[in-house]
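Written out below as C-alpha cells is the structure these notes cover.
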Amino acid sequence: MPLTLGAVDLADDPDLAGDQLEWVDEFEWDAITQSQERSLSGAFLVQEGVKLYGRPITLQSNGGAWFTLATVRALEALRDQPSAQMLLVLPRGDQHWVTWNRADGPPLAAKQVERSQEMADTVYELTLRLITVAPPLDPDLKA
C-alpha cells in the first residue's frame with residue numbers, strides 16, 4: 001500500500017511496515033467551527049461554519065512501523081523547507097495537501113528502535129505532525 005509524503009515513499013521497504021503509520025488524531029477533528037456569545041439584549045447567539053483547512057494529521061509508528069536513517073534524513077530535508085506544501089497519500093487512498101504542524105511540538109520526531117551508533121541500517125520510529133492546507137495554485141492557471 002502506498003504511503004507517501006511529497007517525494008518520500010514511507011512504505012518503500014515492506015519488511016519495515018512503513019505503511020502502518022497510525023493517524024492518531026483522525027477522529028478528533030470537527031469540520032464545523034462554532035462561536036457563542038450573548039447579545040446586549042441577553043439573547044444567546046450561535047454561529048457555525050465549515051472549516052476549509054487546518055485539520056491536524058499526526059502520524060505515529062506506535063511500535064508498528066520502522067524507518068531507515070535514509071528516510072529520516074529525507075524527511076528532515078522536507079521539514080527544513082519553509083512553507084513546504086506536500087501531497088500526503090495514505091494507504092487507503094486518501095490524499096491531503098499538508099504542511100508541517102510546528103505549533104504542536106516538533107514536526108518530525110525520530111527515535112531509534114534499538115540503541116546503537118547511528119548507522120545506515122539503524123531503524124527508527126517516527127512521529128510526523130502535519131496540518132492540511134489549500135492545494136498549491138497550478139502555475140499553468142492564469143489568475
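The values are calculated or read from the model by the stated rules, or taken from the named source; none is laboratory data. What you are looking at is a predicted structure, and each value in this text was computed from that prediction instead of being measured. Heads up, the Cβs are rebuilt from the backbone with ideal geometry, glycines too, and the neighbour counts pull from every protein chain shown. SASA here: full protein model, heavy atoms, side chains in, ligands and nucleic acids out. Shrake-Rupley method; radii C 1.70, N 1.55, O 1.52, S 1.80 Å.
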Solvent-accessible area of Glu28, probe 1.4 Å, all protein chains present, reported in Å² to the nearest ten, please. 140 Å²
Determine the share of the chain's accessible area contributed by carbon and sulfur atoms, expressed in whole percent, with a 1.4 angstrom probe. 52 percent
Once R0 is set to 41 Å, what does the formula 1/(1 + (r/R0)^6) return for the Cβ-Cβ distance between Thr33 and Glu114, expressed as a FRET efficiency to the nearest 0.05? 0.40
Accessible area per residue in Å² at 1.4 Å probe, computed on region 34-143: 65 Å²
Note to self, the chain gives a 222 nm [θ] from helices alone (DSSP H runs n ≥ 4, -39500 (n - 2.57) apiece, / all residues, nearest 500) of -2500 deg cm²/dmol
How much length is gained on full extension from Asp13 to Glu76, taking 0.36 nm per residue of separation minus their Cα-Cα distance? 20.8 nm
Expected vector for region 9-14, Karplus 3J(HN,Hα) from phi with 6.51, -1.76, 1.60 and θ = phi - 60°, integer Hz, x for Gly and Pro, equals 8, 6, 10, 5, 10, x
Tilt relative to the chain, helix 69-79 - C-alpha long axis, 0 to 90 degrees, to 10: 30 degrees
Between Thr58 and residues 5 or more places away or on another chain, which pairs have amide H atoms under 5 Å apart, with H built 1.01 Å from N, and which residues are they? Val24, Asp25, Leu130
Long-range amide H partners of Thr122 with built H, under 5 Å: Leu69
Each residue of region 86-102 in order: what ³J(HN,Hα) in whole Hz does its phi give by Karplus 6.51 cos²θ - 1.76 cosθ + 1.60, θ = phi - 60°, with x for Gly and Pro? 10, 8, 9, 10, 8, x, 7, x, 4, 10, 9, 7, 9, 9, 5, 8, 8
Listed residue (Ala43, Ala110, Phe27) projecting farthest to the positive dipole end of the chain, Cβ model: Ala43
Could you tell me the calculated FRET efficiency between Asp121 and Trp23, based on Cβ-Cβ distance and R0 = 25 angstrom, to the nearest 0.05? 0.35
Most fluctuating residue given options Val98, Val89, Val46, as computed from a GNM of the chain linking Cα atoms under 10 Å: Val46
Could you state the orientation-averaged shadow area of the convex hull built on the Cα atoms of the chain, in nm² to one decimal? 12.5 nm²
Starting from the amide H of Asp13, placed 1.01 Å from N in the peptide plane, find each other amide H under 5 Å away whose residue is 5 or more places distant or on another chain. Gly18
